[in-house]
Amino acid sequence: MHSKPETIANVSVKEYSFSKKQIQGIVKASQFRWTFIWSFHTGLLTINPPLGRALIEDALLRFLLKKDYELEPGNEYKFTILAKF
């Protein structure tokens, strides 16, 4: 039986601002690195650079929605993406 492909994504929260209602951070997976801003009051997730954004966008949004109240600036988090890249 073959194991399913997966990639570990590492999330670093740089800023969690209640006044701006947003979280800023960095996500790394495989050889890719993106910065993100999640405006949690509107649900808008902005990821840069655009190269490879489609690989991480849905998985990162699901992670943020699930963990938003547990996230703290300066901390590192991990989640698994069921794809290899």
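The values are calculated or read from the model by the stated rules, or taken from the named source; none is laboratory data. Computed from a predicted model, the values in this text were never measured in an experiment. Don't worry about glycine lacking a Cβ; one is built from the backbone with ideal geometry, like all the others, and counts go over all protein chains shown. The area values use the complete protein model at the heavy-atom level, side chains included, leaving out ligands, DNA and RNA. Shrake-Rupley method; radii C 1.70, N 1.55, O 1.52, S 1.80 Å.
What to note about this one:
- Selection from region 58-69 of residues that are at pLDDT 95 or above and open to solvent by less than 80 Å² (accessible area, probe 1.4 Å): ALA59, LEU60, LEU61, PHE63, LEU64
- Residue pairs whose Cβ atoms lie under 8 Å apart, sitting 6 or more positions apart in sequence or on different chains, and linking a residue in region 44-69 that is within 12 Å of ALA29 (Cβ to Cβ) to a partner that is in a loop (DSSP other than H, G, I, E, B), are GLY52/PHE85; LEU55/ALA83; LEU55/PHE85.
- Flag if LEU51 is modelled with pLDDT of 95 or more, in contact with a strand residue (DSSP E or B) (Cβ under 9 Å, 6 or more places away or on another chain) and open to solvent by 80 Å² or more (accessible area, probe 1.4 Å): no
- Filter result (outside any strand (DSSP E or B) and open to solvent by 50 Å² or more (accessible area, probe 1.4 Å)) within region 8-43: PHE18, SER19, LYS20, LYS21, SER30, GLN31, PHE40, HIS41, THR42
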